[in-house]
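A.B. asks: Could you have a look at this structure, given as C-alpha cells, before my questions?
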Amino acid sequence: MDPRPVDWPGSALLPVAPLRPVLERLASLARTHEDDVELVPGLAEAEAAGDPPPALVQIVEELGGISVRGGSGLELLTASRSDEGPYTLLGAPTTFYPLHEGADVAVVLTLDEDGRPGAVHGIGEDLALRLAAPDLGTYLERYADALEATLTALDASPAEGSARDEAARDLMDEHLFDALLGTGAAAELPLREMVAPARAEGVELPVGALASGDLRDAAVGTGLDVIDAPIDGDPLEHHLAWCAEGLVVCWVPRP
C-alpha cells in the first residue's frame, strides 16, 4: 500500500446536505447496534487520518466509514492506496477511490479528470466490473439497506462470537456484495462484452480508446467483461478509463 498523498486534481465539492439523510441513517443503525456495527471516525476527529479527494471532504469530515463485525466495510476515509489486486487494470489513483476492499475484490467510486465523482463499480476476482450504483448517494442507500437487513437478521439470531461474525459477513454478501463482486449466485450471471472499435453515442471517448462498454442503460448489478475485451496485446499494457460520469468504460494504452 502506498501511503503517499495523492495529488488530487481540481476542487470539485460534493455537497453533504443531499446525503445527510443516508449518513444519519447509517449513524442511527450503528448507535442502535453498537455490538455489531462500528462507526469509523471522520476527519473532524483529532486522531482520524486519510487522503480523500476534495469532492468528499465535507462527507468524510463527519463519517470515515462503517465496519460490521470487523468486516463488510464502507470505507470513506483511507490513508493508503494500492495499484495491485483488483486495482491492477485501473488508471491513475486520481481516477478512482476505494469504498470497500476485500481479498482481491473492491468497490470503487469513479472520478473524472476534474475530480468529480461518478458511478460506483464493484471489481471481482475475475476483474469484471459490475455496476454498483450510478452515484455515491445511491450506493450509500444500497449499503444502508443491506446493513439494515443484515442487522434485522442478526437481531433474530442467537449466534455469538466468530459465528456471529461469519453470519454478518454472509448476510452482507447476500444483500449487497455478491451482486457487486460476482460471488455467490451472481457468479452465474452473464457479463456484457466490450466492443471494438470503441464507441458510445453522444460521448467523447478518450484519445486512443480501443474498446468500450456502455452501462448508461444498464440496471444496477450489470457486469462488464473487461479482461476479455477485443484488444491486441497484454491487458496490463492498457488501463480502464471512465466517461459519461463513470458509466462508459474504455480500454486505453498506458502512458
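The values are calculated or read from the model by the stated rules, or taken from the named source; none is laboratory data. Note that the structure is a prediction, hence the values are computed from the model and not measured. When we count neighbours, we look across all protein chains shown, and the Cβ atoms used for this are built from the backbone with ideal geometry, even at glycine. Heavy atoms of the whole protein, side chains included, go into the accessibility calculation; ligands, DNA and RNA do not. Shrake-Rupley method; radii C 1.70, N 1.55, O 1.52, S 1.80 Å.
A.B. asks: When the Debye formula is applied to the Cα atoms of the stretch 175-251, each taken as the same point scatterer, what base-10 log of I(q)/I(0) results at q = 0.11, 0.14, 0.17, 0.20 Å⁻¹?
C.D. replies: -0.30, -0.47, -0.67, -0.88
A.B. asks: I would also like to ask the following. Between Ser157 and Glu193, take the C-beta separation as r, use R0 = 51 Å, and let me know the FRET efficiency to the nearest 0.05.
C.D. replies: Numbers: r = 41 Å, r/R0 = 0.81.
Efficiency for this residue pair is about 0.80.
A.B. asks: With springs only between Cα atoms under 10 Å apart, run a GNM on the chain and tell me which of Ser80, Ser157, Ser67 wobbles the most.
C.D. replies: Ser157
A.B. asks: Treating only the Cβ of Lys, Arg, Asp and Glu as charged (+1, +1, -1, -1), what charge dipole size does the stretch 204-255 show about its Cα centre? Round to the nearest 20 debye.
C.D. replies: In total the dipole reaches around 120 debye.
A.B. asks: Hey, got a sec? Which GluC sites (Glu not before Pro) in the stretch 96-134 land in a DSSP loop and have at most 14 other Cβ atoms within 10 Å?
C.D. replies: Filter output for the stretch 96-134: Glu113.
A.B. asks: Out of the total accessible area of the stretch 199-255 (probe 1.4 Å, heavy atoms of protein only), what percent is carbon and sulfur?
C.D. replies: Carbon and sulfur together cover 50 percent of it.
A.B. asks: Each residue of the stretch 116-132 in order: what ³J(HN,Hα) in whole Hz does its phi give by Karplus 6.51 cos²θ - 1.76 cosθ + 1.60, θ = phi - 60°, with x for Gly and Pro?
C.D. replies: Calculated HN-Hα couplings, in order: 7, x, x, 6, 10, 10, x, 10, x, 4, 7, 6, 5, 8, 9, 5, 8 Hz.
A.B. asks: Based on the alpha carbon coordinates of the stretch 108-255, what radius of gyration and maximum Cα-Cα distance (Dmax) apply, in Å?
C.D. replies: Looking at the stretch 108-255, its Cα Rg and Dmax stand at 17.4, 57 Å.
A.B. asks: A further question on this structure: Can you tell me how the stretch 143-182 classifies by the Cα gyration tensor, rounded, prolate or oblate, using a/c under 1.5 as the rounded cut?
C.D. replies: Since a/c reaches 1.5 but b/c is at least a/b, the shape of the stretch 143-182 is classed as oblate.
A.B. asks: How large is the dipole of the chain about the Cα centre if only Lys and Arg carry +1 and Asp and Glu carry -1, each at its Cβ, rounded to the nearest 20 debye?
C.D. replies: For this selection, approximately 500 debye.
A.B. asks: Could I ask something else about it? Tell me which residues come under 5 Å, amide H to amide H, from His100 once H is placed; ignore anything under 5 positions away on its chain.
C.D. replies: Glu75, Val107
A.B. asks: Under DSSP H, which helices of the chain have Cα atoms covering 24 Å or more of the helix axis and a Kyte-Doolittle average no less than -0.5?
C.D. replies: 136-155
A.B. asks: Relative contact order, percent, of the chain when contacts are C-alpha pairs under 8 Å separated by at least 6 residues? Intermediate values should be presented prior to the final figure.
C.D. replies: On the way: 512 pairs, mean separation 43.1, N = 255.
Relative contact order comes out at 17 percent.
A.B. asks: Run through the stretch 133-209 and list the GluC sites (Glu not before Pro) located in a DSSP loop whose Cβ has at most 11 other Cβ atoms within 10 Å.
C.D. replies: Answer by residue number: Glu160, Glu201, Glu204.
A.B. asks: Who wins for biggest fluctuation among Ala132, Ala218, Ala156 in a Gaussian network model of the chain, springs between alpha carbons below 10 Å?
C.D. replies: Greatest mean-square fluctuation among the candidates belongs to Ala156.
A.B. asks: Using Cα springs under 10 Å in a Gaussian network model of the chain, which residue among Ala103, Ala229, Ala168 shows the largest mean-square fluctuation?
C.D. replies: Ala103
A.B. asks: Taking 0.36 nm per residue of sequence separation and subtracting the Cα-Cα distance, how much length would be gained by fully extending the chain between Ser82 and Glu61, in nm to one decimal?
C.D. replies: Taking Ser82 through Glu61 to full extension adds about 5.3 nm, to one decimal.
A.B. asks: OK, next. Would you mind working out the accessible area per residue for the chain, using a 1.4 Å probe, and quoting it in Å²?
C.D. replies: Here the residues of the chain average 47 Å² of exposed surface.
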